[in-house]
């Protein structure tokens, strides 16, 4: 059986329509898959960033409390040194008065 020109052109048109439809379908599906993957990745990244913010906030709180503790310890030590210096000053004044008399 031999085909005439209109039948050949009809087959060419049908084949072209099928190919273009298939390419359109594949492109649409690929686009949806890529959008879904990017959306999932975006959610994952935002979740990780939120977790990092929480950890940074926790570290900030720990640093503030540690610095507060160090400040309290340093103040206590300075007070101790100041008390020792005052005591030493009184003792030196007492010794000076004893050896050289009153000023």
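Since every read-out is calculated from the coordinates, none of them should be taken as a lab result. Because the structure is predicted, anything quoted here is derived from the model rather than measured. Backbone-built Cβ (ideal geometry, glycine too); neighbour counts: all protein chains shown.
Some notes on this structure:
- Which labelled figure in (1) 5.7; (2) 13.6; (3) 8.0 is mean projected area of the Cα convex hull in nm², once derived from the coordinates: (2)
- Using the Cα coordinates of the stretch 48-97, the gyration tensor eigenvalues translate into equivalent-ellipsoid semi-axes of 48, 4, 4 Å, sorted from longest to shortest.
- Extension gain, residue 18 to residue 84: 0.36 nm times the residue separation minus the Cα-Cα distance gives 14.0 nm.
- In this simple spin-label model, placing a label point 7 Å from the Cα along the Cα-to-Cβ direction at both residue 34 and residue 64 gives a separation of 4.6 nm.
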